[in-house]
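Remarks on the structure that follows.
The values are calculated or read from the model by the stated rules, or taken from the named source; none is laboratory data. None of these values were measured; they are calculated from a predicted model. With ideal geometry, Cβ positions are generated from the backbone for all residues, glycine too; neighbour counts draw on all protein chains shown.
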Amino acid sequence: MPEKATLERARRDKRQGKSPSTQAGEFVKEQIDRIRKGRHGARNTKQAIAIGLSEARRAGVPLGSPRKGSTSASTRRKAAQDSRRGRTHPVRSESDVSPRRSAATQRALKREPTRTVSRSALSRQAKSAASRRSHADRSRAARKAARTRETRASM
């Protein structure tokens, strides 16, 4: 269940015309903060990111499902299910989830490690994700980031 502040930040990003991945980044950041505070853990960095993206889809952020070949069929099905949930019933309240199931999920996640979102772990994840992209893709992203910084500096 995302916090109100996270939902508001994502809505603000949408109003500013930012991409869905930027809006989803707010949910991923919230997951990382939760894990760092010890509220729950994750097996690995990818899982922490996946939980954040799932919450974003359920909150109505228009993220597509992962491409075939990049993830398992079950992950793509789950992403599609979350996207449908976001279009039909955006953001469920805590009372919609059975307390027993919620407690079981919390207990299971609390047993997981928190080191999966350390600075070094996130850095490793970012580097490995970047290495899977082509040189042209990385170069294009860097140029776009530089343009964004230029426009922000002139504001």
Filter result (crowded, with 20+ Cβ neighbours inside 10 Å and of a type in the set (A, V, I, L, M)) within the stretch 39-50 = Ala42, Ala48, Ile49
Leading residue by the ranking (surrounded by the fewest Cβ atoms within 10 Å (Cβ to Cβ)) among those in the stretch 140-155 that are in a helix (DSSP H, G or I) and either assigned by TED's automatic domain parsing to the domain that holds Val28 or of a type in the set (A, V, I, L, M, F, W, C) (or both) = Ala153
request  = Return the only residue of Arg124, Arg85 being of a type outside the set (Gly, Ala, Ser), assigned by TED's automatic domain parsing to the domain that holds Phe27 and touching a helix residue (DSSP H, G or I) at 6+ places or on another chain (Cβ under 8 Å).
outcome  = Arg85
task = Kindly indicate whether any position in the stretch 147-155 is of a type outside the set (Phe, Trp, Tyr) and within 20 Å of the chain's Cα centre (by Cα).
result = no
request  = For the stretch 119-130, state whether one or more residues are modelled with pLDDT under 90 and not small (Gly, Ala, Ser).
outcome  = no
task = Inspect the stretch 130-139 for any residue being under 15 Å from the mean Cα position of the chain (by Cα) and not in a loop (DSSP other than H, G, I, E, B) and give the result as yes or no.
result = no
query = Can Thr105 be described as in a helix (DSSP H, G or I), surrounded by 12 or more Cβ atoms within 10 Å (Cβ to Cβ), β-branched (Val, Ile, Thr) and modelled with pLDDT under 90?
reply = yes
ask   = hydrophobic (A, V, I, L, M, F, W, C) and on the phi > 0 side of the Ramachandran plot - does that describe any residue in the stretch 90-102?
value = yes
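Matching residues to (1) in contact with a Phe, Trp or Tyr (Cβ under 8 Å, 6 or more places away or on another chain); (2) crowded, with 16+ Cβ neighbours inside 10 Å; (3) touching a residue at least 60 places away in the same chain (Cβ under 8 Å):
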position	(1), (2), (3)
Ala59	yes, yes, no
Gly64	no, no, no
Arg77	no, no, no
His89	no, no, no
Arg100	no, no, no
Arg111	no, no, yes
Ser118	no, no, no
Arg132	no, no, no
key: Filter result (within 13 Å of the chain's Cα centre (by Cα) and either of a type in the set (Val, Ile, Thr) or at pLDDT below 90 (or both)) within the stretch 36-64   = Thr45, Ile49, Ile51, Val61, Gly64
